[in-house]
1. Relative to the Cα centre, what is the charge dipole magnitude of the chain, using +1 at the beta carbon of each Lys and Arg, -1 at the beta carbon of each Asp and Glu, and rounding to the nearest 20 debye?
2. What net charge do the residues around PRO59 carry, taking every other residue with its C-beta under 13 Å from that of PRO59, with Lys and Arg at +1 and Asp and Glu at -1?
3. Could I have the simple spin-label model distance between THR70 and THR239, label points 7 Å from Cα toward Cβ, reported in nm to one decimal?
4. Measuring from a point 7 Å past the Cα of GLU40 along Cα-to-C-beta, which residues in region 134-163 have an amide N at less than 16 Å?
5. Report, in degrees rounded to the nearest 10, the 0 to 90 angle that the Cα long axis of helix 44-55 makes with the longest principal axis of the chain.
6. What translational diffusion coefficient, to the nearest whole µm²/s, does region 167-281 have by Stokes-Einstein, given a Kirkwood radius computed over alpha-carbon pairs, a temperature of 37 °C and 0.692 mPa s viscosity?
7. Which aspartates and glutamates does LYS165 reach when only Cα atoms under 15 Å apart count, and residues fewer than 8 places away in its own chain are ignored?
8. Please figure out what share of the DSSP beta bridges in the chain is antiparallel and state it in percent, rounded to the nearest 5.
Amino acid sequence: MIVDLPNTTTAKISKALVRIREDGGAVALGRVLTLIIATEFGNEEEAIEAANDASREHPMRVLVVSTSPTAPSSDEEARVDAQIRVGGDAGASEVIVVTAYGDAALDQESLVTGLLLPDAPVVAWWPGEGPESASESPLGRIAQRRITDAAASASPLDAMHRMCKTYVPGDTDFAWTRLTLWRAQLAAVLDQPPYEPITAVTVNGAADSASTMLLAAWLQMQLEVTVTLEVAEGSPVPTGIHAVVLERASGTITLERNVASIATLTQPDQPVHDISLPRRSLRDCLSEELRRLDPDKLFGNVVRYGVSEITGVEIEKYVKAKIS
């Protein structure tokens, strides 16, 4: 069911929610959190679809705050329109889309404060261009977890470097979440004999991939070896990570993704294996981040310490290769 509320207020939206629960039996008793999605006009549906899918694992109230990507015009009337979606149109959640125009878009915190579930954690997600500092933004200040996506920025590497400078516990980025399958596979490989130390690592990926930079930083921290970053040239997979090469005394281990969802694992004295390694969807990334509402300490260490170690000569070569 979809209920439109043109030219409304937060109080009217709350009353409409109560009326819908009384009339239709939709309840919020099983909601475990409030997810706030900050997006721009016209970009709401993809994020809502991902949230609806994730809500089947994490029942929640979804508040979508939609504003203009430019500064509000003084000539534009201050107005708030809303739409409430429940039942089949909202997965296992309640979706409230709040569209703010003019000066009404200046105070995003007041648009959502009265709609938060009582005594429930708050997660803020920016599926597009994120704020300069997520924790200091109006919506970030009221959230326990703050999710950005460097890949959605005009310059993903710059966005990740901003994250490194402004990080506070509770911040995270989908550039890190997309590494879960890569990290799990690499850890599984190194858990097998002959248990020799790694002497060198090469990470190959797209020039604008923040995930590639984070993977290199994580490997350098965990293995305590110098990691070389390389730009994938002529790769059939033009985005994200292309390959990881681990060197040790007995030979070279290569995990290479030549097609969108399959990676090839090559190890000394073993047959070549094809491994499922797909690029993760928004739904997968969001579901994983909502499984833990405490700060991700490993991610914090990587962005605060690991990236600074990898952003020397190697990252300069990486960026120059992108420019050239």
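The values are calculated or read from the model by the stated rules, or taken from the named source; none is laboratory data. Predicted model, so just to flag it, every value in this text is computed and none were measured. Quick reminder, even Gly has a Cβ in these numbers, built from the backbone with ideal geometry, and neighbours come from all protein chains shown. Calculation scope for accessible area: heavy atoms of the full protein, side chains included, ligands and nucleic acids excluded. Shrake-Rupley method; radii C 1.70, N 1.55, O 1.52, S 1.80 Å.
1. Working: 28 positive and 45 negative charges, 120 e Å.
Around 580 debye, computed over the chain.
2. Residues near PRO59 contribute 0 overall.
3. Computed distance between label sites THR70 and THR239 equals 2.7 nm.
4. 149-156, 159
5. Helix 44-55 and the main axis of the chain meet at about 80 degrees.
6. On the way: Rh = 14.6 Å.
The calculation lands on 225 µm²/s.
7. Within the straight-line cut-off, LYS165 pairs with GLU132, GLU136, ASP173, GLU309.
8. Numbers: 31 of 61 bridges.
Percent antiparallel among DSSP bridges in the chain is about 50.
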